[in-house]
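Report on one structure; see the data block that follows.
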Amino acid sequence: MLDFTEYTKIFITLVAIVNPIGAIPIVMALTENASMEDFQRTTKTTLISVLVILTVALLTGEFLLAFFGISVNSFRVGGGILLLLMAISMLHARQSRITFSKEEANDGNRESVAVVPISMPLLVGPGAISTIILNANKSHAPLHYLFMGVDIILLVLVLWMAFLSIPWISRHMTQTGINIFSRVMGLILAAIAVEFIANGLKGLFPALA
């Protein structure tokens with residue numbers, strides 16, 4: 001088991017990587033046409049998905065990656081490509097088909113956007129997953145996993161508070177403002193995606209570093 005300060009550092013690291021505040025405008029752009037009921041379902045599904053994904057990474061992450069022969073760098077490249085495709089749609093101020101299809105919207109499955117791409121890879125990407133896996137291996141004591149779980153729960157609470165502010169922000173912006181904001185965030189998201197891909201390629205091909 002690690003010192004209490006170490007678990008505090010892990011929590012701060014997770015918050016910095018997930019960046020709930022920075023994710024607000026991107027999530028707002030991806031859910032701009034959703035009703036309040038749909039948005040609440042999306043928020044609930046997102047929070048549950050983040051909790052489940054990080055908990056699974058904590059308990060079985062290293063085993064699953066090894067079992068399927070998937071490296072974190074490969075995951076980083078794949079997630080970066082997905083984010084880049086989303087960013088291109090945002091730059092054109094249109095709804096990305098990566099988020100959900102017309103059929104899904106008609107069937108009331110809009111909350112599926114909460115799992116992919118909001119929960120993963122936008123919020124819980126290679127950085128957060130690798131952070132959980134690497135720190136989980138520092139100790140095998142039951143209390144260690146318990147405190148790691150507490151860090152994950154605290155992160156979900158921070159995300160919940162960030163999501164609560166999105167409806168208020170949406171109500172005070174015009175459609176033109178949202179489109180402009182969506183394009184700006186699309187550009188930022190594209191840059192993030194390129195960083196994901198570049199870092200993943202450097203890990204897969206050290207000669208590129």
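The values are calculated or read from the model by the stated rules, or taken from the named source; none is laboratory data. Treat the numbers as computed from the prediction; the structure is a model and nothing was measured. Positions of Cβ are backbone-derived with ideal geometry, glycine not excepted, and every protein chain shown enters the neighbour counts.
Below are the figures for this structure:
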{"item": "Selected residue [more than 20 Å from residue 182 (Cα to Cα), over 16 Å from the mean Cα position of the chain (by Cα) and surrounded by 15 or more Cβ atoms within 10 Å (Cβ to Cβ)] from 76, 41", "result": "41"}
{"item": "Residue ID - modelled with the lowest pLDDT, chosen from residues in segment 121-151 that are in a helix (DSSP H, G or I), surrounded by fewer than 22 Cβ atoms within 10 Å (Cβ to Cβ) and aliphatic (A, V, I, L, M)", "result": "134"}
{"item": "Residues (at pLDDT below 90 and surrounded by 16 or more Cβ atoms within 10 Å (Cβ to Cβ)) located in segment 152-166", "result": "162, 166"}
{"item": "Every pair of residues 6+ apart whose Cβ atoms lie under 9 Å, when the first sits in segment 1-19 and is without any contact (Cβ under 8 Å) to a residue 40 or more places away in the chain while the second is in a helix (DSSP H, G or I) and charged (D, E, K, R)", "result": "8/151"}
